[in-house]
Amino acid sequence: MLLIQLNLGFIHNPLIEIVLRTVAVYVFMIIAIRVFGKKELAQLSVIDLVFILLISNSVQNAMVGPDTSLDGGLVAAGALFLVNYTLKQILYRSKKISSFIQGESLLLIYEGVVNSANCEKAEITIQELEAAVREHGARDIQRVDLAVLEVDGNISVISEDYQTKSKVSHPRKHKFKGRLNQN
């Protein structure tokens with residue numbers, strides 16, 4: 001059973017049809033990722049990698065249809081770049097739309113105490129949270145001052161261990177201007 005039928009027969013330019021198909025697939029993928037959760041993006045497993053490869057292969061024909069020419073592929077890629085750039089500009093300019101599409105960051109740990117409600121909301125188990133804490137160099141959850149599930153799916157962790165290490169002053173060259181900055 002076909003849930004959505006996009007009839008683009010009225011469009012007589014095949015390249016415009018490719019653009020419209022590509023934008024429709026892009027919007028669908030954004031909605032699907034938003035519905036199925038952001039933590040899946042940052043914590044990529046073998047299963048997730050296979051899933052992404054299969055999704056990209058399955059939607060290719062939906063974007064270009066029967067056109068397998070170089071022109072068709074380039075038009076689809078160009079449409080993806082354009083719609084992605086446009087969406088990023090909209091998200092940058094509108095906090096309300098950004099929050100709606102990307103969601104909000106969630107506080108997972110504060111001063112060594114796990115926020116169970118937010119972990120449940122994000123579908124993060126204690127084992128996953130402990131692994132993220134260890135990846136950031138903290139020995140255990142009790143030593144974590146702050147852990148946040150960011151909108152991109154990454155978990156940011158600030159711990160006592162990090163604070164101890166960060167108190168050492170290191171001169172650093174500024175990335176863009178070449179000057180030395182003192183901490």
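None of the figures in this text is laboratory data; all of them are computed from the coordinates on show. If you're wondering where the values come from, they're calculated on a predicted model, not measured in any experiment. When we count neighbours, we look across all protein chains shown, and the Cβ atoms used for this are built from the backbone with ideal geometry, even at glycine.
Mind running the shape call on region 14-102? Use the C-alpha gyration tensor, a ≥ b ≥ c as the square roots of the eigenvalues: rounded below 1.5 for a/c, prolate if a/b tops b/c, oblate otherwise. Verdict is oblate for region 14-102. Computed 3J(HN,Hα) for region 121-129, one whole-Hz value per residue from the Karplus formula 6.51 cos²θ - 1.76 cosθ + 1.60 where θ = phi - 60°, is 4, 8, 6, 10, 7, 4, 4, 5, 5, glycine and proline marked x. Remark: the Cα gyration tensor places region 106-166 in the prolate category, a/c being 1.5 or greater and a/b exceeding b/c.
Between region 102-145 and region 56-90, the alpha-carbon centres lie 37 Å apart.
Near V19: Cβ cut-off under 14 Å, other residues only, Lys/Arg at +1 and Asp/Glu at -1. The net charge is -2.
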